[in-house]
Structures are given as structure tokens and as C-alpha cells.
1. Filter the range 267-321 for residues that are open to solvent by less than 20 Å² (accessible area, probe 1.4 Å), over 26 Å from Phe245 (Cα atoms) and under 20 Å from the mean Cα position of the chain (by Cα) and give the result.
2. Any idea which of Trp115, Trp109 is in a helix (DSSP H, G or I) and closer than 15 Å to Leu39 by Cβ?
3. Taking the condition of a type in the set (Ser, Thr, Tyr) and at pLDDT 90 or above, does Ser254 pass?
4. In the range 356-375, which residues are among the small types (Gly, Ala, Ser), surrounded by 24 or more Cβ atoms within 10 Å (Cβ to Cβ) and more than 13 Å from the chain's Cα centre (by Cα)?
5. Which residue out of Asn256, Asn223 is among the polar types (S, T, N, Q) and open to solvent by 40 Å² or more (accessible area, probe 1.4 Å)?
6. Quick check on this structure: which one of Thr380, Thr401 is of a type in the set (S, T, N, Q) and within 21 Å of the chain's Cα centre (by Cα)?
7. Could you identify the single residue in Gly69, Gly100 that is open to solvent by less than 10 Å² (accessible area, probe 1.4 Å), assigned to a helix (DSSP H, G or I) and either on the phi < 0 side of the Ramachandran plot or in contact with a Pro (Cβ under 7 Å, 6 or more places away or on another chain) (or both)?
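The values are calculated or read from the model by the stated rules, or taken from the named source; none is laboratory data. Values in this document were obtained by computation on a predicted structure and should not be read as measured data. In this analysis, Cβ positions are derived from the backbone assuming ideal geometry, glycine residues included, and neighbour counts consider all displayed protein chains. For accessibility, only protein heavy atoms count, side chains too; no ligands or nucleic acids. Shrake-Rupley method; radii C 1.70, N 1.55, O 1.52, S 1.80 Å.
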Amino acid sequence: MLSNVLAPALARRGIHYGWVMVAVTFLVMVATAAAMGNLGVFLVPLQKEYGWDTASISGALAVRLLLFGLIAPFAAALIQRYGLRRIVTVALALVVVGLGLSTLMNQLWQLWLYWGLLTGLGTGLTAMVLGATVANRWFTQSRGLVIGILTASSATGQLAFLPLAAMIADNAGWRMAIIPAVIACAAAGLLMLLLGRDHPSDVNLPAYGEKAVAPPPPPPSSNPFKTAFIILGAASRSPAFWVLFFSFYVCGLSTNGLVQTHFIPLCLDFGMQNVEAASVLAMMGAFDFVGTVLSGWLSDRYDSRKLLAWYYGLRGLSLLFLPMSTFSFYGLTLFAVFYGLDWIATVPPTVKLAGQEFGREKAALVFGWVFTGHQLGAATAALGAGISRDAFASYLPAFYTAGAACMLAAIAVLMIRQGDASKQGALARA
């Protein structure tokens, strides 16, 4: 295999193959982030072409976000059972099929099937648990930084693809605007097939930061779905799990489901153009990349609970400030900087807390269930904001609600008590 030749060649130059895994995983997550984030650009064009109301389209996007989260713990179990390369390849194939078929749709049920079910399942298999799995398996040193880099991939996908999708949609139609994301997913799948490996020992290396090559744990023989529920049962006995679940519910409520899905239509309501609004969202992605990588670096050095309290508090303030931005390109710049730095900065300290509270081996599975909370919140916001727009002719009530929820999450995360060895023991026996 190509990796068996490349790994020793890089090692002779002082480069650990774990960084290749980071690069390939980053590209996979960039491609799926484009598939997830770009769909918000197409909400208004679909309304104009088919006459579908906002709530109906938002419902399909909510299904996609819900599946994106619900599949996460099972994705972690499936990766443990069948291997990272196989699961990622299947996932990207689902995304390519879902997006490709959507260019032929003309019925509302097809939107729910292609964008809701297929794209939701595919992106869910490559959600944040993929980054958490790679970081935990391949890195002991700099793990927080790696989680920050991989988490920032969603911002990069947004930065690279959103303005392009908006420009193509305006000039050539929304169907043509889907093509770049399809190409990116296919290319990322090919790279994972060629270069991806499951464990450092597969290329005869120790994890980064360790000295000895450790054999990989045997894949669980039990049904992966049963394994995921066993881990949930053990983790759910800990108050820390429920605090993390609630805080990540609020995280999804105030990011993917709300801003990523409804920010562009909100700006259009206030007279902005499609490309201009997409550029502001892409600007958030640029600052989010910086903020998330910095958050990973900080989580290697400071108390993750305090970091999360700051992140949620500042995000809540930015959402409450949004109506005062005047919704001009320049007026939204301050919001884009402030909100963007904070967008996904919550992920590295949350993953770090999951590892500290529940143990390294089970961290990805526990985080998968916590991430389910994130996407439940995202689905709530995606559907709720659409209902708000239809009922009150305004998205602003949804933004105010999300801002207030962030302030509650900032208080809740400070209640986590760290270092309870009994929880790790219970998970080790699970």
C-alpha cells in the first residue's frame, strides 16, 4: 500500500504519518462541510422555483441535521468494528449520490429523501467523531491542537465553497452550484482509500508523542449498535455527560441549525444580496478557523470548563447584538468577527472533557452521543426558525432565543466536576 512506502519515507525526515492522517481527514471533513453548509444557499432559489414554503424546506434541512447527529455514536462504533477507511468511503458515496440525485428532483418528498436522508446519513458518518477518533488514535502529544485543526475543517469548507456556490447559483442555477461539493467529496474519498490507515501500528509507528508501537485493540465482536447503547447507558449515569449534552444541544441550536441554515435568508429579508450575505458567512468561517485552532491550543493548557463558559457567553452576546448590526455588509463585519472566532471553538474543550471524564478509549463514542445533542439542537433551530419566519415574518425571535440559551449553557458547564475515576471505571467495564 502507498501508506507503507510513504510512512517510513516521512519518518526519515522527522515527519510522523499521523500528520498525513490529519491532512486527509481534514479534506474529508472540508468536503462534507461543503455538502452540509452549501444547502442554506439554495433555500430561497427552491422557494422561487417550486413555491415550497420556508417551513417545508427547513424541515428537510432539519432531518439532515438530525441524522448528522443521531448517526454520530453509531459512526464511532462502526469505525471501531469495520475500520475508518471503509466507513468514510461509504459515507462519502452516500453524500455524492444524495447531492447528485437532488439535481433531478421536482417533488418535495425527493428533497427530504436526497438532502434529508442520504446527505444526513453520509455526513453523519464523517461528523466530528471522525476527527475525535483520528486525534485519539494517532496523537498523545498535541491532541488538543489536532482536534482544533480538524474541527476547523467545517469553517474551511464554508469559506472555500459558500461564496462559490452562491455565485454559481445566481448565474447558472442552484443545480450547477451543487457540482463543486460533489467533486470535492469524490476526491476526498479517493484520497482516504489511497492514504488512510486505521491505527499507527498499521504503518509500524507509535502514536505521536509515544515511544513504543502499541498493537491496536481488537475490534469489538459485538454488534456496533449494541456497543453504542452500552456506552450510552454507562455514560448517562454521570451528571457530567448530561451537562455536556445540554451545552452541545445549545451549541447546535446557535450554529448549524440557525446561522448556517438561516443567516443568508435573514440577510435577504433585510435587503442584502445573495452573494454578499454568503460572503459574510464565509468571513465567519475564516475567523472560525483561527478561533477553533486557537481553542485547541488553549485546551491543551487551560481548564476546558472555563474556556467553554467564555465561549458560550460571548456567543450569546453576539447573537443578541445581531439586530443592532443594521444588516449592511460593513455593519455585519463586527458580528462576523466576534461570532466567527467562537463558532466551533466549543468542540476541542468538549472532546477534551469527554476524554478526561470517561477515558481515552471510549472518548469518541461518548462524544458521539454528546454530538447527538448538538444536532438535536441544530434540527430544533432549523425547523423552529423556519416556523418563526412563516408565523411572524421574521427570523429574529429564533436568534434571540438562541442567544439566551447560550447564556444558560455558559453557567451550566461550570458545574462539571472533573476527575471522577469511578465513571472511567464504569466505562472501562462497558
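1. Ala278, Val280, Leu281, Ala282, listed by residue number.
2. Checking each option against the conditions leaves just Trp115.
3. Values: of a type in the set (Ser, Thr, Tyr): yes; at pLDDT 90 or above: yes.
In short, yes.
4. Residues of the range 356-375 that are among the small types (Gly, Ala, Ser), as a first pass: 359, 363-364, 368, 373.
Now restrict to residues that are surrounded by 24 or more Cβ atoms within 10 Å (Cβ to Cβ): 363-364, 368.
Hits for the range 356-375 are Ala363, Ala364.
5. Numbers: Asn256 fails: open to solvent by 40 Å² or more (accessible area, probe 1.4 Å).
Selected residue: Asn223, the only one of Asn256, Asn223 that is among the polar types (S, T, N, Q) and open to solvent by 40 Å² or more (accessible area, probe 1.4 Å).
6. On the way: Thr401 fails: within 21 Å of the chain's Cα centre (by Cα).
Just one listed residue meets the conditions, Thr380.
7. Details: Gly100 fails: open to solvent by less than 10 Å² (accessible area, probe 1.4 Å).
On inspection, the qualifying residue turns out to be Gly69.
Conditions (1) among the aliphatic types (A, V, I, L, M); (2) surrounded by fewer than 17 Cβ atoms within 10 Å (Cβ to Cβ); (3) modelled with pLDDT under 85; (4) more than 24 Å from Ile344 (Cα to Cα), marked per residue:
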residue	(1), (2), (3), (4)
Asn204	no, yes, no, yes
Tyr208	no, no, no, yes
Val213	yes, yes, no, yes
Pro216	no, yes, yes, yes
Ala235	yes, no, no, no
